[in-house]
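Enquirer: Let me begin by handing over the structure; questions about it come next.
The values are calculated or read from the model by the stated rules, or taken from the named source; none is laboratory data. The structure presented is a predicted model; accordingly, all values stated were derived computationally and were not measured. Here the Cβ positions follow ideal geometry from the backbone for every residue, glycine too, while neighbour counts run over all protein chains shown.
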Amino acid sequence: MTGTRAKIGFGDALGDLGNFMPSSPAKSVPAPEAAAQAGFMRREPVPIPAPQKQQRRRRTGRNAQINIKATPETLEAFYTAVDAMGCGVGEAFEMAVELLQKRLSDG
């Protein structure tokens with residue numbers, strides 16, 4: 001390679017662009033009313049509000065965690081019972097364990 005650029009036929013026409021003025025756009029952007037009159041519909045996303053879950057945090061001194069899998073129906077029933085009793089999830093779990101132990105000792 002020689003290190004020089006190949007000539008493409010413009011010469012020095014592109015060397016000085018100091019008086020260059022861009023042309024104005026050929027057509028303007030139509031107003032939203034014009035689009036509605038032409039039958040176009042806006043398709044902007046409509047936000048769907050997510051159901052807010054109630055916070056169930058309490059300072060109880062419980063610091064061990066259990067992670068279980070259950071069906072959504074079982075979880076909903078458990079949380080409904082907890083809300084009806086007016087206690088925390090950890091307290092309801094402790095009550096359930098006590099009932100299980102009582103059932104095992106009786107049976």
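Enquirer: Any residue at all in region 71-82 that's of a type outside the set (S, T, Y), surrounded by fewer than 10 Cβ atoms within 10 Å (Cβ to Cβ) and in a loop (DSSP other than H, G, I, E, B)? Break it down into steps so the answer makes sense when it comes.
Expert: Going through region 71-82, the residues of a type outside the set (S, T, Y) turn out to be 72-73, 75-78, 81-82.
If we keep only those that are surrounded by fewer than 10 Cβ atoms within 10 Å (Cβ to Cβ) as well, we get 72-73.
Within this subset, residues satisfying the condition of being in a loop (DSSP other than H, G, I, E, B) are none.
Within region 71-82 (the criterion being of a type outside the set (S, T, Y), surrounded by fewer than 10 Cβ atoms within 10 Å (Cβ to Cβ) and in a loop (DSSP other than H, G, I, E, B)), the answer is no, since none of the residues qualifies.
Enquirer: List every residue pair whose Cβ atoms lie under 8 Å apart, where the two residues are 6 or more positions apart in sequence or sit on different chains, the first residue falls within region 40-55 and is part of a loop (DSSP other than H, G, I, E, B), and the second residue, located anywhere, is of a type in the set (V, I, T) and exposed (fewer than 10 other Cβ atoms within 10 Å of the Cβ).
Expert: none
Enquirer: Can you tell me which residue is modelled with the highest pLDDT among those in region 64-87 that are farther than 20 Å from Q52 by Cα and small (G, A, S)?
Expert: A70
Enquirer: Another one. State yes or no: is A13 hydrophobic (A, V, I, L, M, F, W, C), over 30 Å from G86 (Cβ atoms) and modelled with pLDDT of 75 or more?
Expert: On the way: hydrophobic (A, V, I, L, M, F, W, C): yes; over 30 Å from G86 (Cβ atoms): yes; modelled with pLDDT of 75 or more: no.
For A13, the condition - hydrophobic (A, V, I, L, M, F, W, C), over 30 Å from G86 (Cβ atoms) and modelled with pLDDT of 75 or more - is not met.
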